[in-house]
Amino acid sequence: EPEVTQTPSHQVTQMGQEVILRCVPISNHLYFYWYRQILGQKVEFLVSFYNNEISEKSEIFDDQFSVERPDGSNFTLKIRSTKLEDSAMYFCASSEDRRPYNSPLHFGNGTRLTVT
Amino acid sequence: AQKVTQAQTEISVVEKEDVTLDCVYETRDTTYYLFWYKQPPSGELVFLIRRNSFDEQNEISGRYSWNFQKSTSSFNFTITASQVVDSAVYFCALRGGNRDDKIIFGKGTRLHILP
């Protein structure tokens, strides 16, 4: 069964550094998402992406964050200047179509980001 | 505003017992979609089931069953004859029907199945 792939599985970075989290969504999917989960807490929506542009973003997704689909397969999340509170598990997800809006999101295994 | 409430933070049962995880949701949409995801100790999010608001038929899949009650805005999940491998955090989630493509999650219920 096709799956969403995220790399790296764990990234450690120093405060103020830029990080790029990478994802390869399922190949025929059209909608892409980033979520994050601070340790032991709920899974929070960051951003959704469709047709090469952001379709929705949350309050968490401020100017420090950006997303990109640089080629036909990768979907990246960049954090420009990391803060301690950015430490979390970051999940990439994709879905094949949002019509009739019940397509489930398929999640990758996550990248655990640790900011020191 | 949309909201998902999982009032049970943590549940422990002995293996082979049945257990029900509660989920209550709030939405103003007349069409919406509900999901359950499992997060085992390894950390990934595994899709279990989706349910459309216009389909109130309950579903059974092996030891798993789901009870959707629109009248009480609930979408509860029951595991029958629980096994240690069922130990995980379970998230209920909601997606609205008005071209709102994100899913919002409840806070999750951590389920411990004791041998």
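Just so you know, all these numbers are worked out from the coordinates, no wet-lab data involved. The shown structure was predicted, so the numbers you read here are calculated from the model rather than taken from an experiment. Every residue, glycine as well, gets a Cβ built from its backbone with ideal geometry; the counts of neighbours run over all protein chains shown.
Phi-derived couplings, Karplus 6.51 cos²θ - 1.76 cosθ + 1.60 at θ = phi - 60°, listed residue by residue for the stretch B:48-55: 10, 7, 10, 9, 8, 5, 8, 10 Hz, with x used for Gly and Pro.
Calculated from the alpha-carbon coordinates, the protein assembly as shown shows an Rg and a Dmax of 17.7, 51 Å respectively. Separation of the stretch A:57-95 and the stretch B:20-69, taken as the distance between their Cα centroids, equals 27 angstrom. Backbone geometry of the stretch B:59-75 corresponds, through the Karplus equation with coefficients 6.51, -1.76 and 1.60 at θ = phi - 60°, to 3J(HN,Hα) couplings of 10, 10, 9, x, 8, 9, 9, 10, 10, 9, 10, 5, 5, 10, 6, 10, 9 Hz, x marking Gly and Pro. In terms of distances greater than 19 angstrom between alpha carbons, the cross-link table entries B:16/B:107; A:42/B:16; A:42/B:3; A:83/B:107; B:3/B:102 yield B:16/B:107; A:42/B:16; A:83/B:107. For the protein assembly as shown, the Cβ-based charge dipole about the Cα centre amounts to some 140 debye (Lys, Arg positive; Asp, Glu negative; other atoms uncharged). DSSP bridge analysis restricted to the protein assembly as shown gives an antiparallel fraction near 90%, rounded to the nearest 5.
Restriction of the chymotrypsin sites (Phe, Trp or Tyr not before Pro) in the stretch B:17-115 to DSSP coil positions whose beta-carbon has at most 14 other beta-carbons within 10 angstrom yields B:54. Between A:108, A:21, A:34, the Cα set farthest toward the positive side of the dipole of the stretch A:13-113 (charges on each charged residue's Cβ, about the Cα centre) is that of A:108. Computed on the Cα trace of chain B, the radius of gyration divided by the Kirkwood hydrodynamic radius gives Rg/Rh = 0.97.
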